[in-house]
1. How many residues, within region 1-10, are assigned to a loop (DSSP other than H, G, I, E, B) and either among the aliphatic types (A, V, I, L, M) or surrounded by 12 or more Cβ atoms within 10 Å (Cβ to Cβ) (or both)?
2. From the set of residues in region 72-99 that are of a type in the set (Ser, Thr, Tyr), more than 29 Å from Gln46 (Cα to Cα) and modelled with pLDDT under 80, which is most open to solvent (accessible area, probe 1.4 Å)?
3. Could you please let me know if Lys121 is at pLDDT 70 or above, more than 42 Å from the chain's Cα centre (by Cα) and open to solvent by 70 Å² or more (accessible area, probe 1.4 Å)?
4. Can you tell me which residues in region 61-71 are exposed (fewer than 15 other Cβ atoms within 10 Å of the Cβ), touching a residue at least 60 places away in the same chain (Cβ under 8 Å) and not small (Gly, Ala, Ser)?
5. So how many residues does region 43-58 have that are of a type outside the set (S, T, N, Q) and free of Cβ contacts under 8 Å to residues at least 40 places away in the same chain?
6. Name the pairs whose Cβ atoms lie under 8 Å apart, with the first residue in region 5-19 and touching a residue at least 12 places away in the same chain (Cβ under 8 Å) and among the charged types (D, E, K, R), the second in a loop (DSSP other than H, G, I, E, B) and open to solvent by 70 Å² or more (accessible area, probe 1.4 Å), and 6 or more positions between them or separate chains?
7. Identify all residues within region 18-50 that are out of contact with any strand residue (DSSP E or B) (no Cβ under 6 Å at 6 or more places or on another chain) and of a type in the set (A, V, I, L, M, F, W, C); write none if there are none.
8. What are the residues in region 13-29 that are at pLDDT below 90 and open to solvent by 100 Å² or more (accessible area, probe 1.4 Å), if any?
Amino acid sequence: MRTSLNINIPEPCHEDWNKMTLQQKGRYCKSCEKTVFDFTSKTDEQIVKTFLNEGRVCGRYKSTQLNRALVLNRKEKNNYLSYVASTLFTFLSFGTQYVEAQGKPKIVNVDSLQKQLVKGK
């Protein structure tokens with residue numbers, strides 16, 4: 001299902017964002033008595049989901065988020081390719097547990113009773 005939203009603000013609010021009181025979902029505007037959402041750091045998908053869940057809301061936006069289509073794309077069909085790839089990877093990893101060394105180990109005899117001499121200091 002594809003949902004799109006176009007946000008136009010013909011008359012922006014004149015209230016100062018910094019003077020509004022902080023709340024969980026944004027800031028509270030005393031003049032209009034509404035919660036103003038901060039959408040400046042949100043993605044298009046998050047903005048559309050907020051409008052679908054909350055209904056009509058006041059918000060603070062970047063200029064790049066206005067006067068264009070904000071699109072929410074939802075997958076209508078399941079993507080089975082990821083399931084097939086993960087299953088194939090799981091089955092192929094079962095056979096890679098047997099490891100051989102590149103050659104026979106070498107046994108070196110060391111005389112530990114003889115004192116090592118170091119030249120120099």
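1. Count: 3.
2. Tyr98
3. Spelling it out, it is not the case that Lys121 is at pLDDT 70 or above, more than 42 Å from the chain's Cα centre (by Cα) and open to solvent by 70 Å² or more (accessible area, probe 1.4 Å).
4. Those that are exposed (fewer than 15 other Cβ atoms within 10 Å of the Cβ), touching a residue at least 60 places away in the same chain (Cβ under 8 Å) and not small (Gly, Ala, Ser): Asn67, Arg68, Val71.
5. Residues meeting the conditions: 7.
6. Glu15/Ser31
7. Leu22, Cys32
8. His14, Gln24, Lys25 - these are the residues of region 13-29 that are at pLDDT below 90 and open to solvent by 100 Å² or more (accessible area, probe 1.4 Å).
The values are calculated or read from the model by the stated rules, or taken from the named source; none is laboratory data. As the structure is a prediction and not an experimental result, all values here were calculated from the model. As a convention, Cβ positions derive from the backbone with ideal geometry for all residues, glycine included, and neighbour counts pool all protein chains shown. Accessible surface areas use protein heavy atoms only, side chains included; no ligands, DNA or RNA. Shrake-Rupley method; radii C 1.70, N 1.55, O 1.52, S 1.80 Å.
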